[in-house]
1. Would you mind estimating how fast the stretch 42-170 diffuses translationally, via Stokes-Einstein at 25 °C and 0.890 mPa s with the Kirkwood radius over Cα pairs, in µm²/s?
2. Tell me, what is the per residue accessible area of the stretch 15-159 in Å², probe radius 1.4 Å?
3. Would you mind telling me the share, in percent, of accessible area of the chain contributed by carbon and sulfur at probe 1.4 angstrom?
4. Which trypsin sites (Lys or Arg not before Pro) in the stretch 36-130 sit in a loop by DSSP (not H, G, I, E or B) and have at most 10 other Cβ atoms within 10 Å of their own Cβ?
5. Could you tell me the accessible area of Asp136 in Å² (1.4 Å probe, neighbours in place), rounded to the nearest ten?
6. By a straight-distance test (C-alpha under 22 Å), which lysines pair with Lys4 as possible cross-link partners, with residues fewer than eight away in the same chain excluded?
7. Using a 1.4 Å probe, how large is the accessible area of Thr5, given in Å² and rounded to the nearest 10?
8. Near Lys146, which lysines are there with a Cα under 18 Å away, not counting those fewer than 8 places off in the same chain?
Amino acid sequence: DSTKTDSSGHYTLNKPGNGPMLVRVTHQGSPYFIAAPENGPGDIPVYDAAPNVRGISIEALVYECEAQNGQLQVLERYLVHNTSSPPTTQYNPAHGFEVVLPPDAVIEGSQAKRPTGMFTSTPIKPAGQKNHYAFDFPIQPDEAEKDTEFQITYHVPYSSGSYTFKPQLL
């Protein structure tokens, strides 16, 4: 189902069925979405977009690891701030948020989350160089203390009892 907003940004949707639905908005090529509220439309914060924005920084890179059956299961998570002024979404579908994974990583899944959203399955794609991958996902301006998050789950061989991570922030 699709609709258009009026000059004030208001919209209506006819929600078919009772299952969960997403409301998606595209502005200047950048996608935004929220879980469709049960009772009427919800607000979706939308910002002007640019391929490169000043004020983007990585707050943290977190590794959560668990060893089992000769493999190391890894959840790699990036917390990314966008403190641009004026608030602007960074979005470049040709070159998204790029990560470098270990050469022996076997990817199991990837997700991303907007500052006010929930994690959504977001495929990553090879980004030119070996072991480089990119998310096709906008980095919206922070909402209070909330930022954009990216996470990748993968496993690597782990039979020696140790593994050395060599993070590369781009």
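1. Diffusion coefficient, whole number: 158 µm²/s.
2. Result: 55 Å² of accessible area for each residue.
3. Carbon and sulfur: 49 percent of the exposed surface of the chain.
4. Lys130
5. Per-residue accessible area (Asp136): approximately 70 Å².
6. Lys15
7. Around 90 Å² of this residue is reachable by solvent.
8. Counting by Cα, and skipping residues close in sequence, Lys146 has these lysines nearby: Lys113.
The values are calculated or read from the model by the stated rules, or taken from the named source; none is laboratory data. Everything numeric here is computed off the predicted structure, so don't read it as measured data. Counting neighbours? That spans all protein chains shown, and the Cβs are built from the backbone with ideal geometry, glycine included. Please note that ligands, DNA and RNA were not included when accessible areas were found on the heavy atoms of the full protein model with its side chains. Shrake-Rupley method; radii C 1.70, N 1.55, O 1.52, S 1.80 Å.
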